[in-house]
Structures are given as C-alpha cells and as structure tokens.
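A short write-up of the structure that comes next.
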Amino acid sequence: MTIQEIQRLKAETPFRPFRVLTADGGSYDVLHPECLAQSPSGRLIMIGLNDDSTVTLDHLLVAGIHKGIKIRRNGSKR
C-alpha cells in the first residue's frame, strides 16, 4: 500500500469512507477526509477516531485498504 493510494482515496469526490488494515490484524475506519493526516515525510499517518482519540501508524505497517465500508449513523443498526 503506497501513501499515494491513501492520498487518492482521501481526495476522492465524493469522499467514500474506507478502512485501513494493519499488519497486526487491526483496522481503523476513515469516515471523513478530515479524519486522516500524514506527517511531512509521509512515513506516518494519523487517523481521528469517533471517540475523539487518534491513532498514529507507520505507513510500512499498513497492510491494505477496505473500500466501500458501511457507516452507521446515530447508532442505528442497519
């Protein structure tokens, strides 16, 4: 997974949420383009989570991207 691919997903119009998959089996949802940032070198990416916390990932540990995730709005169980 390249940083250019992640930047392309962030810049898509209209934005479509996606999930970042990590090498250790973790996953983080990017629900809005403003929830994703990167360091100037591009080595680190920061993802803002729903509970107002953030996670910082080394780009080399990103194993993949899952596109087209469904978003739950207002806690609904659709």
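Some points to look at:
- Scanning segment 1-36 for residues that are assigned to a strand (DSSP E or B) and out of contact with any Leu (no Cβ under 9 Å at 6 or more places or on another chain) gives Arg19, Leu21.
- Screening Ile69, Ile3 for residues that are at pLDDT below 95, touching a Gly at 6+ places or on another chain (Cβ under 9 Å) and β-branched (Val, Ile, Thr) leaves exactly one candidate, Ile3.
- Across segment 1-33, the qualifying residues are those that are among the charged types (D, E, K, R) and touching a residue at least 12 places away in the same chain (Cβ under 8 Å), and the one among them that is farthest from Asp58 (Cα to Cα) is Arg16.
- Listed by first and then second residue, the pairs linking a residue in segment 38-61 that is without any contact (Cβ under 8 Å) to a residue 40 or more places away in the chain to a residue that is assigned to a helix (DSSP H, G or I), with Cβ atoms under 7 Å apart and 6 or more places separating them unless they lie on different chains, are Gln38/Ile3; Gly42/Ile3; Gly42/His59; Arg43/His59; Leu44/His59; Ile47/Cys35; Gly48/Cys35.
- Criterion applied to Leu31, Leu49, Leu21 was being farther than 20 Å from Thr2 by Cβ and either crowded, with 16+ Cβ neighbours inside 10 Å or in contact with a helix residue (DSSP H, G or I) (Cβ under 6 Å, 6 or more places away or on another chain) (or both), and the one residue passing it is Leu31.
The values are calculated or read from the model by the stated rules, or taken from the named source; none is laboratory data. For clarity, every value in this text was computed on a predicted model and none was experimentally measured. In this analysis, Cβ positions are derived from the backbone assuming ideal geometry, glycine residues included, and neighbour counts consider all displayed protein chains.
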